[in-house]
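The values are calculated or read from the model by the stated rules, or taken from the named source; none is laboratory data. Everything numeric here is computed off the predicted structure, so don't read it as measured data. Quick reminder, even Gly has a Cβ in these numbers, built from the backbone with ideal geometry, and neighbours come from all protein chains shown. Note: areas computed on protein heavy atoms with side chains; ligands, DNA, RNA excluded. Shrake-Rupley method; radii C 1.70, N 1.55, O 1.52, S 1.80 Å.
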Amino acid sequence: MPLYRYAPVKPPCRLCGAGFEIQQPAAAAALADCPTCGQPVQRSLIHAVNTPKVLKPLSISGAKSAGFTVLKRTSSGEFEKQ
Ligand SMILES: [Zn+2]
């Protein structure tokens, strides 16, 4: 479930300060009022917590196709195009 951040429309809220975070189903409607004090709140930020991005190491062919020049160090200490 995504994590939503809510901030009071007229901060600071006496009970929840600058806001609060709550996990809701993505299909759920945004809260209109603070569940703690009933003050009007607005949704400000969304953190998608269930979709961690794992970056794969870039392969040489992938780097070449992305337009990078892949250099290989030769035994003489110089670099040449791979
Ligand atoms: Zn509140």
Subset of region 25-42 that is modelled with pLDDT under 90 and open to solvent by 80 Å² or more (accessible area, probe 1.4 Å) - its residue that is nearest to the ligand (Cβ to nearest atom) = Thr36
Can you name the condition, by its number, that Ala48 falls short on among (1) surrounded by 11 or more Cβ atoms within 10 Å (Cβ to Cβ); (2) at pLDDT 80 or above?
-> (2)
Of all residues in region 13-24, which are part of a loop (DSSP other than H, G, I, E, B) and open to solvent by 80 Å² or more (accessible area, probe 1.4 Å)?
-> Arg14, Leu15
With the checklist (1) within 12 Å of the ligand (Cβ to nearest atom); (2) surrounded by 12 or more Cβ atoms within 10 Å (Cβ to Cβ); (3) assigned to a loop (DSSP other than H, G, I, E, B) in hand, flag the one item Lys10 doesn't pass.
-> (2)
